Amino acid sequence: MQFNRKHLLGLEELTAEEIRMILDTAVPFKEISERQIKKVPVLRGKTIINLFFEPSTRTRISFEFAEKRLSADTIHVGVSQSSVVKGETLVDMARNLEAMRIDMVVIRHPASGAPAFLAERIDSNVINAGDGWHEHPTQGLLDMLTLRDEFGKLKGLKVVIVGDVVHSRVARSNIWGLKKMGAKVGVCGPPTLVPRSLEAMGVEIYPRIEDVLAEADAINVLRIQLERMQSNMFPSLGEYNRLYGISTEKLEKAGRDVLILHPGPMNRGVEIDSDVADGDYQVILKQVTNGVAVRMAVLFLLAGGKPARAAEVAATLE
């Protein structure tokens, strides 16, 4: 079976089979990162531009690792380095880059819909690395791969997203992806940060973190995005930590094992305590490792690679 999408703009538009195809393709690519020679020639001769109009460390570096391990030529363009600061439009900039015969664009942008807007206007493949409050599809995919690695399945799992849901593109990609794969999804946080509209998507809203810990198989802890808030949305960071922060004390009171994920960067002592972030419950660094593999899989599939050949490709040497 072939992956027939030209772009990866969000998980809302993907089918369960397409999501499964990406996750399955990522599995053999994980092995490349464990080898002495961490390269395969599958994208040799391809040129990929990383356009980041927002600050990023993990996502940008993860994409760059994925591109280099597939032997692509990769160029990073940050907004402060680009002609956009001189008034050039996003489309003009992309068309100029495309005139240099690029093959793919990875874009992070503060405006929801910017990757889709770009995809309609250029011939290159477009990958959404996070757009506004809309989606962050590769983060959703790597979270699902991590869950599947730990539990052996996604169907039937109870996954609760805790924290700043209203501003989170990660939450939206996780909700779309997990629901399509048959997982049960909940959210928890202050009422100001949890949209009631999610109930229409079949998402359960939990008012108390204690209720979450009593039922969830896994908790995806979101960062409190103070930079996106126009006003105070809860009394204080200390109060947030007391009511919704994930601590060892709360986990021990639950009396059951709950897997902890976090997309990063973490606000230690706010949404998650350091002893949890560094403890036995979490799989945060496994998420980082899976992020490179998932992004390699996405690049491979968009370049026309066949899922059935992923293992064979991963076994080759540069």
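Only one residue in ALA171, ALA214, ALA200 is in the same structural domain as ARG256 (by TED's automatic domain parsing) and within 16 Å of LEU11 (Cα to Cα), so which one is that?
Numbers: ALA214 fails: within 16 Å of LEU11 (Cα to Cα); ALA200 fails: within 16 Å of LEU11 (Cα to Cα).
Every option except ALA171 fails the conditions.
Give the residue that is surrounded by the most Cβ atoms within 10 Å (Cβ to Cβ), with candidates limited to residues of the stretch 34-64 that are without any contact (Cβ under 8 Å) to a residue 40 or more places away in the chain and more than 21 Å from HIS76 (Cα to Cα).
Filtering the stretch 34-64 for residues that are without any contact (Cβ under 8 Å) to a residue 40 or more places away in the chain and more than 21 Å from HIS76 (Cα to Cα), the one surrounded by the most Cβ atoms within 10 Å (Cβ to Cβ) comes out as ARG35.
Specify which of the listed residues (PHE63, PHE53, PHE29, PHE3) is touching an Asp or Glu at 6+ places or on another chain (Cβ under 7 Å) and outside the structural domain of LYS179 (by TED's automatic domain parsing).
Values: PHE63 fails: touching an Asp or Glu at 6+ places or on another chain (Cβ under 7 Å); PHE53 fails: touching an Asp or Glu at 6+ places or on another chain (Cβ under 7 Å); PHE29 fails: touching an Asp or Glu at 6+ places or on another chain (Cβ under 7 Å).
Testing whether each residue is touching an Asp or Glu at 6+ places or on another chain (Cβ under 7 Å) and outside the structural domain of LYS179 (by TED's automatic domain parsing) leaves just PHE3.
Here are some residues: GLU31, GLU67. Which one is of a type outside the set (S, T, N, Q), under 16 Å from ALA297 (Cβ atoms) and loosely packed, with under 15 Cβ neighbours inside 10 Å?
Only one candidate passes the filter, namely GLU31.
Find the residue count for the stretch 263-303, including only residues that are over 18 Å from ALA218 (Cβ atoms), touching a residue at least 40 places away in the same chain (Cβ under 8 Å) and outside any helix (DSSP H, G or I).
Going through the stretch 263-303 one residue at a time, the tally reaches 4.
Going by the structure shown, is ARG268 more than 25 Å from LEU157 (Cβ to Cβ), in the same structural domain as VAL160 (by TED's automatic domain parsing) and among the charged types (D, E, K, R)? Break it down into steps so the answer makes sense when it comes.
On the way: more than 25 Å from LEU157 (Cβ to Cβ): yes; in the same structural domain as VAL160 (by TED's automatic domain parsing): yes; among the charged types (D, E, K, R): yes.
For ARG268, the condition - more than 25 Å from LEU157 (Cβ to Cβ), in the same structural domain as VAL160 (by TED's automatic domain parsing) and among the charged types (D, E, K, R) - is met.
For every residue, the table says whether it meets (1) touching a Phe, Trp or Tyr at 6+ places or on another chain (Cβ under 7 Å); (2) buried (at least 16 other Cβ atoms within 10 Å of the Cβ); (3) small (Gly, Ala, Ser).
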| position | (1), (2), (3) |
| --- | --- |
| LYS179 | no, yes, no |
| VAL194 | no, yes, no |
| LEU213 | no, yes, no |
| LEU222 | no, yes, no |
| GLY238 | no, no, yes |
| ASN241 | no, yes, no |
| TYR244 | no, yes, no |
| SER247 | no, yes, yes |
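Name the single residue, out of those in the stretch 110-168 being at positive phi and assigned by TED's automatic domain parsing to the domain that holds LEU301, that is surrounded by the fewest Cβ atoms within 10 Å (Cβ to Cβ).
Across the stretch 110-168, the extreme among qualifying residues is GLY113.
Check the stretch 16-27 and report whether any residue there is surrounded by fewer than 22 Cβ atoms within 10 Å (Cβ to Cβ), under 17 Å from LEU317 (Cα atoms), of a type in the set (Lys, Arg) and under 20 Å from the mean Cα position of the chain (by Cα).
No, the stretch 16-27 contains no residue that is surrounded by fewer than 22 Cβ atoms within 10 Å (Cβ to Cβ), under 17 Å from LEU317 (Cα atoms), of a type in the set (Lys, Arg) and under 20 Å from the mean Cα position of the chain (by Cα).
Against the conditions (1) within 21 Å of PHE151 (Cα to Cα); (2) not in a helix (DSSP H, G or I), where does ILE224 fall short? Just the number, please.
Result: ILE224 passes all but (1).
Could you name every one of the helices (runs of 4 or more DSSP H) located completely within the stretch 4-119 that has at least 3 residues being touching a helix residue (DSSP H, G or I) at 6+ places or on another chain (Cβ under 7 Å) and modelled with pLDDT of 95 or more? Let's see the steps before the verdict.
On the way: elements: 16-32, 58-69, 90-98, 114-119.
By residue number, 16-32, 58-69.
The values are calculated or read from the model by the stated rules, or taken from the named source; none is laboratory data. Every value quoted in this text rests on a predicted model; they were computed, and no experiment measured them. Reconstructed Cβ throughout: ideal geometry from the backbone, glycine too, with neighbour counts over all protein chains shown.
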